[in-house]
Amino acid sequence: MFWTSYFLAVLALILAWPVPVLLSRAHWPARSPFTAMVLWQAIALAGGLSMIGAMLVYGLEPIGNNLLAGLKSLAGMVLNDEPTTALGFWHLFALSAAALLTAHLVFTLLLTYYKIERQRRRHRELLALLASPSSDGSATMVINHDSPVAYCLPGGARSVTVLSDGLMAALEPDELRAVVIHEKAHLSQRHDLLLWAFAAWRQALPWFPTTKLAQTAVNSLIEMLADDVALRTESKSTLIKAIAIVSSGSTASAPGSALNASALQPGSAILEGGRVSATGGADSPRTTASRVSRLLSPEPPLSKALRSLVLVASALLLAVPTALLIVPGLLG
């Protein structure tokens, strides 16, 4: 297990720094956002698994030939109150670090979910007081606000798309339709779950610069995915104009409104309101510029062969550490 622990440690290091940095600088994700999203998820999962697995395997090395045997021996020591003299200081330290990191990741994931649900509940209460149902009756709420604002509030059967009076007045019917399709794509594709996972990852490991890179990349990719859905029925020029108008509302303010633009700004979606981003207002200026540039100067999507190669690489990223941890115990 000695070499396994070192291999996993090296893999965790690679996935924690150079790989995310290179991927965040690459241009091809805009050509195939779904494929890039799968790769980002594989990097995050494989990196966490490798990090925890490396410490576990190293810590259990003196009492087992593989992970499963080591865990069985450790369980016997704990349950039978046996001495742990077989484990040296660094082995105990590695086991403790693995347990603490696992608990920290799980706790942060649950805490982030709790915060999201609490903020969504409070936001729904405000909407019940200050918003009215749209005349089209399609799970859309309208708020009395002069700034162009659009976002969606996930919640299963209670999911709603929220539009402002200012937005509806500023957009032509086809542009408004593009905004609504974009927002509903966020809901149907459950982008809130992706935002939750990557927000929790960043909250758990804020000292890793790559967690910020990953969250920023995922925020951009989900906007591109929703844009692609809107483009199935609306023109590029229509969507570009809608993005520009909604973006103009992200920094606006209306001091007299209980739900002012800063409170509604979906850029704080995951931890401040539980919302998913709007067609422009949610993005950073850089992301908005990238989306508009992607629409103005479209590049051909990745070839089927390249997409398949990335998806296979993503599967291998997950399969390799899993196999190193589990297979020796099953075969032994």
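The values are calculated or read from the model by the stated rules, or taken from the named source; none is laboratory data. Keep in mind the model is a prediction, meaning the values are calculated, not measured. Reconstructed Cβ throughout: ideal geometry from the backbone, glycine too, with neighbour counts over all protein chains shown. For accessibility, only protein heavy atoms count, side chains too; no ligands or nucleic acids. Shrake-Rupley method; radii C 1.70, N 1.55, O 1.52, S 1.80 Å.
Okay, here's what the table says:
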quantity: Residues located in the range 204-229, provided they are at pLDDT below 95, in a helix (DSSP H, G or I) and open to solvent by 30 Å² or more (accessible area, probe 1.4 Å); calculated: Pro209, Lys212, Leu213, Gln215, Thr216, Asn219
quantity: Flag if Leu23 is open to solvent by less than 20 Å² (accessible area, probe 1.4 Å) and closer than 30 Å to Leu295 by Cα; calculated: yes
quantity: Residue check for Leu193: assigned to a helix (DSSP H, G or I) and open to solvent by less than 60 Å² (accessible area, probe 1.4 Å); calculated: no
quantity: Residue match in the range 247-265 (condition: over 18 Å from the mean Cα position of the chain (by Cα), modelled with pLDDT of 95 or more and closer than 24 Å to His145 by Cβ); calculated: no
quantity: Check on Phe34, of a type in the set (Phe, Trp, Tyr) and either touching a Lys or Arg at 6+ places or on another chain (Cβ under 6 Å) or farther than 18 Å from Thr216 by Cβ (or both); calculated: no
quantity: Considering residues of the range 280-332 that are basic (Lys, Arg) and closer than 16 Å to Leu225 by Cβ only, the residue modelled with the highest pLDDT; calculated: Arg307
